[in-house]
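The values are calculated or read from the model by the stated rules, or taken from the named source; none is laboratory data. The structure displayed is predicted, hence computed values, not measured ones. In this analysis, Cβ positions are derived from the backbone assuming ideal geometry, glycine residues included, and neighbour counts consider all displayed protein chains. The protein model used for the area step is the full one, side chains on, heavy atoms only, and it has no ligands, DNA or RNA in it. Shrake-Rupley method; radii C 1.70, N 1.55, O 1.52, S 1.80 Å.
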Amino acid sequence: MTTAPKIKTLISGRGLLGVFLLLLLAVSVPGATYATAINASRSSSSDGNANVNALDRLHASLFLNYDKHLQPLDKGEPATVSMALTINFIDIDELNGKMTTHCWLNIRWMDELRTWQPQEYENITAIHLHASEIWTPQIKLFNAAGEDESFLVDTQAILTHEGQFLWVPPAVYTAYCNLNMINWPYDEQTCKLKIGSWGVSHINADYDKSGKGLDYDGAMQSTEWQIVKGSTQFVPQDYYSYLEYTLTVQRRSNMYTAIIYTPASCFVTLALSAFWLPPHMGGEKIMINGLLMIVVASFLMYFAQLLPVLANKTPLVVVFYSATLLLLSISTIVEVAVLYLSTAKHKRRVPDCLKKLLHGKLGSWLLLSHFRSEAEQQKDKSKEMDEQLYENDDYDQSETLDINPTEVPTSRAIQFEWSLLATAVDRVSFLAFSLTFLILAIVCRV
């Protein structure tokens, strides 16, 4: 019973001490009086309390009976959520078939119970609220590649006096993408982001800024990909709905021209030029084709490490390189046959039907006239040698029974005919392979 008077005496003593210090401060200021000091202290304390109390009173009036687990109402119905997507950066993982998107979500909704008159709260028109304090739509990426690879960051939301909530959280989404690598490296990929909420059945695209609910004009340029087209579509379902953002991206393929297409043109040029070497240089031809096959096989191994294994969607560049490897193998077989025709010791002449072709228009088209002139010169030399032998007085006619003076020229003529045939095979192979490479380049768009 005696403690209460003691506590009151202590409080009253401290109050008298505060008044005494205030009066002492007022007296120490020149020109100050007791009345002005008291009025100044009261006015400053009342202004501070008014500023603090306005925000506190507003917050208390808005969220006194607020349940953040219930969806807000707008005109008596569940509020419609509007959402827009602003893309900052994209990247595509070809090996795993995934597209990673760094973006901002612009989410808006109305709450008819969260409105106020600004003049009643010292002209406060908007307040900032933490996302954990209010109801927010549970936004998910429906075609996510994994929960660990896609996440949404909680940020503060803004509530205006008209009852509109604005929430702009950053997000990183990794979605599966059906890649089409046929035209690699000049390919365009179309990927989709299906963003929605399992608990909200009314969600619309926000067309206020970009006119399509999707903005990528300010996106950071990727080193390999560029967004060329984008669209938004609302997809309603029975118990949920989502927005489908379709992005069309194009690969920046300037570097691949120097890495892939320039070597390919060199391979074709070397493979075709080997047919113009003399037929007896078959060893050099085979060596050139062998080196080219090794380099082309190395490129195919590089493509296998760089590109994913896709069924029925093999890149045309890979098809071109694999077909080039096959053609080089066939060319090597042809060069082996040409080497045999030009270097083997033939005892029979070339068939007359082939000789007519080689000495006819076909030979002219294959540029074999130069080789025919050498054959005629060899034939003229053999005739001159025969005439000189018969005109020589010391020539013994009995020697004709044992020695054929035209045996050596005849053997050389036979060998020359086979060499001419081998040259014709090289020229025909050059035309056939040139046409094949041209058709292959057109089909594969190399």
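Look through Lys140, Lys209 and report the one residue that is assigned to a strand (DSSP E or B), among the basic types (Lys, Arg), open to solvent by 10 Å² or more (accessible area, probe 1.4 Å) and at pLDDT below 90.
On inspection, the qualifying residue turns out to be Lys140.
Checking Met99 against (1) open to solvent by 40 Å² or more (accessible area, probe 1.4 Å); (2) assigned to a strand (DSSP E or B), which test does it fail?
(1)
Kindly indicate which of Leu21, Leu85, Leu105, Leu70 is surrounded by fewer than 11 Cβ atoms within 10 Å (Cβ to Cβ) and at pLDDT 85 or above.
Leu70
Go through (1) free of Cβ contacts under 8 Å to residues at least 24 places away in the same chain; (2) part of a loop (DSSP other than H, G, I, E, B) and name the single condition Leu113 misses.
Condition not satisfied by Leu113: (1).
Could you check Tyr340 against (1) modelled with pLDDT of 70 or more; (2) part of a loop (DSSP other than H, G, I, E, B); (3) open to solvent by 70 Å² or more (accessible area, probe 1.4 Å) and say which number it fails?
Here Tyr340 meets the rest and fails (2).
If Ala304 satisfies every condition in (1) free of Cβ contacts under 8 Å to residues at least 12 places away in the same chain; (2) open to solvent by less than 60 Å² (accessible area, probe 1.4 Å) but one, which is the exception?
For Ala304, the exception is condition (2).
Just to be sure, is Val27 modelled with pLDDT under 90 and touching a Phe, Trp or Tyr at 6+ places or on another chain (Cβ under 6 Å)?
When the stated conditions are applied, Val27 does not pass them.
List the number of the failed condition for Ile127; all other conditions in (1) farther than 29 Å from Thr248 by Cβ; (2) of a type in the set (Val, Ile, Thr); (3) in a loop (DSSP other than H, G, I, E, B) hold.
With respect to (1) farther than 29 Å from Thr248 by Cβ; (2) of a type in the set (Val, Ile, Thr); (3) in a loop (DSSP other than H, G, I, E, B), Ile127 is out only on (3).
Give region 165-183 a look and list any residue that's closer than 19 Å to Phe89 by Cβ and outside any loop (DSSP other than H, G, I, E, B), or say none.
Matches in region 165-183: Pro170, Ala171, Val172, Tyr173, Thr174, Ala175, Tyr176.
Please count how many residues of region 48-104 are in contact with a helix residue (DSSP H, G or I) (Cβ under 7 Å, 6 or more places away or on another chain) and closer than 30 Å to Thr248 by Cβ.
Residues meeting the conditions: 0.
Confirm whether Ser329 is farther than 30 Å from Arg412 by Cα, part of a helix (DSSP H, G or I), among the small types (Gly, Ala, Ser) and open to solvent by less than 60 Å² (accessible area, probe 1.4 Å).
When the stated conditions are applied, Ser329 passes them.
Could you say whether any residue in region 146-156 is farther than 30 Å from Val443 by Cα, buried (at least 17 other Cβ atoms within 10 Å of the Cβ) and modelled with pLDDT of 90 or more?
The answer is no, given that none of the residues of region 146-156 is farther than 30 Å from Val443 by Cα, buried (at least 17 other Cβ atoms within 10 Å of the Cβ) and modelled with pLDDT of 90 or more.
Name every residue in region 161-181 that is more than 14 Å from the chain's Cα centre (by Cα) and buried (at least 16 other Cβ atoms within 10 Å of the Cβ), in order of residue number.
Selection gives His161, Gly163, Gln164, Phe165, Trp167, Pro169, Ala171, Val172, Tyr173, Thr174, Ala175.
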